[in-house]
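Have a look at the structure below, then the notes.
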Amino acid sequence: MKKEDRSKAIELVIEQTLNDQKAYCKRNDELTIDNIIHDTIYLEKKRLKSKKRTKNVRIDIAFWQRIEKRFHSAGPLEKEEILREIIANYANEIAGGYSPKVYSFAKRVVPYLLKAILVNEPFWKLFSKKGKEKVNENISIIGPVDKILRLSKMGTLIVTPTHQSNFDSIVIGYATYLTGLPPLVYGAGLNLFTNPVLSFMMTNLGAYKVDREKKNDLYKDVLKNYASVSLEYGYHNLFYPGGTRSRSGKIEEQLKLGLLGSGLSTYIKEARQGVKKNFYVVPCTINYELCLEARDLIEEYLIEEGSRQVILPNDSSNKIGNILAFAKKTVNVDSRITVCFGEPLDIFGNEVNDEGQSIDSHSRPIDIHKYILVDGVPDFSFQRDRVYTSILGSKILKSFSKNNVIMDTHLVSYALFKIFQKKYPFSNVFKLVSSYEAECKKELLYETVGFIKDILFKKRDNDELKLGRIISTKPVDEIVAYAKRQLTSYHGESILQEQNNSFISNDLITLYYYQNKLTSYGLETDLNLWLQTKL
């Protein structure tokens, strides 16, 4: 958010959130300002109790101690002021900025950063004239980009990508730059602001801070109102509707609807003031051959889902701490990324035509203004608006599924993992990934990859998913060889190696992450029947 808008926006967020809290109390006899403040203090003290005593944590502790002391001796009017102060504290923490100068600098630097990570060339060539061209070869952008560009001039965009990596914001930012789309305001995890250089860049490139450890409703309301106000000011937004990164490697199957409802609430607020604004939701998938923190993410997922059923190795050499480590490990591999923009939707989940009009299933224009009328005038309705946002969420999930790009690393990992599940019949997947070593014959892997590939081609032709270039153009043996080279160049030989006439994996945990990209397409039944004839 630009400097001239930031302070006004913060004040608007404070007033809006305070009014929201008062309205909640009026609608609910059991809810009072006392309850809201008490619950917020309790949850913040609980959160801070286990935190390492850094400078910022000590400042937080002092703030909440002061607030608690005032609260216990305050009268009704002072309690409202205390609530305002808490909201202001949250709003100032969340608010981001935007500097055209920093954006211009980032446009020049990011291509070379991406080249260092994605392109197999010596470091001294990073600043060659062909830097951008080489990066662009490894980042593919597909989808109705021209249409989205036109819509960005007719209204405000809300881009909703999948979320797999801390690298996502860099990729989507560069993709919007390459396509000519306007800069996006977006929420980023507070942990990404700990590095002073990265924090400076993100703060000045439109990022606002999201602290996912703050679970209280008041903080969530401030966050949602900040997003709404940025839309009200005409800033194009980016929301990760899945919330956090996908720990399992699967495409998102469930969305968090809080921020996603910001577009609708802003639309209604503007309509009540007699202003008609257009908001266009653009689902988007970010697809990696190799994921920056695949090992870390899948370990978190297995611990959470499998509890003590899974035994994780003590060796942490495969863990990725930051983007520089990612660059170092990929120096010998050209890693590909595909950004796939889906068809734009309105805030109710309807598709939108080239003229920016909402359309029904028969491509006929429809009047969405009537969706928000209560007794003939625009107004909020909690239950109705929640249903509308849920419908939008389901449409975004469908777009994610059909625009999910399956790459060679996903296909080969899936084939291997399904063979291992059939060959080594453990009682559950957690025990399988804990096994030390798994092996399959080369011929069986080639046949299995070929069988799955045929099914994927049919699903692609039915517009159920997308396929990467290697799967689309190469024969099975080359797909396997290419995927093996990619996986081992980054994750090490333990993930997949050849011995005599077999493939062997000593890292089924990481293999499991990549294969999960394919688990939502109903392939298992046919594949298991087919494998029964082979094993």
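Laid out as a table, the results:
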read-out	value
Positions within region 249-287 being over 13 Å from the mean Cα position of the chain (by Cα) and among the hydroxyl-bearing types (Ser, Thr, Tyr), in sequence order	262, 265, 266, 267, 280
Some residue of region 432-449 being closer than 27 Å to residue 350 by Cα and touching a strand residue (DSSP E or B) at 6+ places or on another chain (Cβ under 9 Å)	no
Qualifying positions in region 478-496 - touching a residue at least 12 places away in the same chain (Cβ under 8 Å), out of contact with any helix residue (DSSP H, G or I) (no Cβ under 6 Å at 6 or more places or on another chain) and at negative phi	484, 485, 489, 494
Matching residues, region 234-256, being more than 30 Å from residue 414 (Cβ to Cβ) and buried (at least 18 other Cβ atoms within 10 Å of the Cβ)	235, 236, 237
Qualifying residue in region 132-146 (condition: within 19 Å of residue 100 (Cβ to Cβ) and modelled with pLDDT of 85 or more)	no
Identity of the residue in region 38-61, over 16 Å from residue 85 (Cα atoms) and in contact with a helix residue (DSSP H, G or I) (Cβ under 7 Å, 6 or more places away or on another chain), that ends up surrounded by the most Cβ atoms within 10 Å (Cβ to Cβ)	48
Tally of residues being of a type outside the set (Val, Ile, Thr), touching a helix residue (DSSP H, G or I) at 6+ places or on another chain (Cβ under 7 Å) and more than 25 Å from residue 202 (Cα to Cα) across region 1-37	7
Some residue of region 359-380 being of a type in the set (S, T, N, Q), modelled with pLDDT of 55 or more and either in the same structural domain as residue 287 (by TED's automatic domain parsing) or under 27 Å from residue 148 (Cα atoms) (or both)	yes
Selection from region 483-494 of residues that are at pLDDT below 95 and in contact with an Asp or Glu (Cβ under 7 Å, 6 or more places away or on another chain)	486, 491, 494
Residues (part of a loop (DSSP other than H, G, I, E, B) and small (Gly, Ala, Ser)) located in region 265-287	274
Filter result for residue 104 (modelled with pLDDT of 70 or more, surrounded by fewer than 16 Cβ atoms within 10 Å (Cβ to Cβ) and small (Gly, Ala, Ser))	yes
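The values are calculated or read from the model by the stated rules, or taken from the named source; none is laboratory data. Remember, predicted model here, so these are calculated numbers, not experimental data. Cβ: placed from backbone, ideal geometry, glycine included. Neighbour counts: every protein chain shown.
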